[in-house]
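These notes are about the structure you will find just below.
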């Protein structure tokens, strides 16, 4: 089972609130990609609508295996995963702050 399948299984079984993919996607303003010259590394920078930036990277062991499209997909996926973490933190922090009042 791959990561996406595990996530979908977890979401389908969730009984309590969670950060939904559509919420994450609605927060993304744009994404930019760079390949580090002379390497097999791609960097993805997601710019959120509030101006916050999140980075994801992808690389391979041998530059001869480099595939630009796959590298962009993987680096974007990793950066997007980070957005999930930040949003989960924000939701829990708001819940905590409200409980302290």
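Values quoted throughout were computed directly from the atomic coordinates according to the rules given, and no laboratory measurement underlies them. Bear in mind the structure is a predicted one, so any value in this text is a computation, not a measurement.
With contacts taken as Cα pairs under 8 Å and at least 6 residues apart, segment 18-89 reaches a relative contact order of 30 percent.
Solvent-free Debye calculation, one equal scatterer per alpha-carbon of segment 34-100: log10 I(q)/I(0) at 0.15, 0.21, 0.24, 0.29 Å⁻¹ equals -0.56, -0.82, -0.95, -1.15. Helix 3-13 and the longest principal axis of the Cα set of the chain meet at an angle near 20°.
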